[in-house]
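Nothing in this text is a laboratory measurement; each read-out follows from the coordinates by a stated rule. Given the structure is predicted, the values throughout are model-derived calculations rather than measurements. Cβ sites come from the backbone with ideal geometry, for glycine too, and all protein chains shown count toward neighbours.
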Amino acid sequence: MEINEKSYILGYWFANDGKNDWYMIIIKENGEWIGKQTFRYSTSDGDPFSGEDRKSISIVKIDGKVSEKEVIEKIDGLFDIIKLKYNDFDDKFLVKGGIDKFMKIANTKHYFHIKEVH
């Protein structure tokens, strides 16, 4: 899933078990909520861009008529379950805006590894 200047980003959820992590981002695109969920299993020396880590990625779609509040409640419920296993560190941030707002928040997060593509 790509985010760009046109993306409306609802939020980002992250949990880590000390070595592996899970994260989800929710955006609204073409009138539909789209979530990208990633389980990352660390097999590298810690370099998030090495390409050595295993990832399991899934995309979920939610009818765009579902309110932001309902989407957040559903993802928070999933997040509560994920944190049972990934219980070393967790964080979430709601963006409710565009990529500039997202990047401003993401750049304050120690766990967030950003690679811009032009």
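Charges at C-beta only: +1 for Lys and Arg, -1 for Asp and Glu. How large is the resulting dipole of the chain about its Cα centre, in Debye rounded to 20? Present the calculation step by step, with values, prior to reporting the outcome.
On the way: 19 positive and 21 negative charges, 43 e Å.
Using Cβ point charges on Lys, Arg, Asp and Glu, the chain gives about 200 debye.
Here's how it looks for residue 64: its modeled amide H is under 5 Å from those of 33, which are all 5 or more places away or on a different chain. For the stretch 53-64, putting each phi into the Karplus relation 6.51 cos²θ - 1.76 cosθ + 1.60 with θ = phi - 60° gives couplings of 5, 7, 9, 10, 10, 9, 10, 10, 10, 10, 3, x Hz, in residue order, rounded to whole numbers and with x for Gly and Pro.
How fast does the chain diffuse by Stokes-Einstein, in µm²/s, taking the Kirkwood radius from C-alpha pairs at 20 °C and 1.002 mPa s? Translational D for this selection: 144 µm²/s. Between residue 103 and residue 63, the FRET efficiency from the beta-carbon distance, with R0 = 41 Å, is close to 0.90.
Against the chain, whose longest principal axis comes from its Cα atoms, helix 68-85 is set at around 20 degrees. Full extension of the chain between residue 54 and residue 73 yields a length gain of 4.0 nm, computed as 0.36 nm times the residue separation minus the alpha carbon distance. The gain in end-to-end length when the residue 29 to residue 88 segment is fully stretched comes to 18.0 nm, 0.36 nm per residue minus the alpha carbon separation. Which residues' amide hydrogens lie under 5 Å from the amide hydrogen of residue 95, considering only partners 5 or more residues apart or on another chain, with H built in the peptide plane? Long-range HN contacts for residue 95: 11, 12. Modelled label positions at residue 2 and residue 41, each set 7 Å beyond Cα in the direction of Cβ, lie 3.0 nm from each other. Bridgeable lysines around residue 69 (alpha carbons under 26 Å apart, same-chain partners fewer than 8 residues away excluded): 6, 28, 36, 61, 83, 85, 92, 96, 101, 104, 109.
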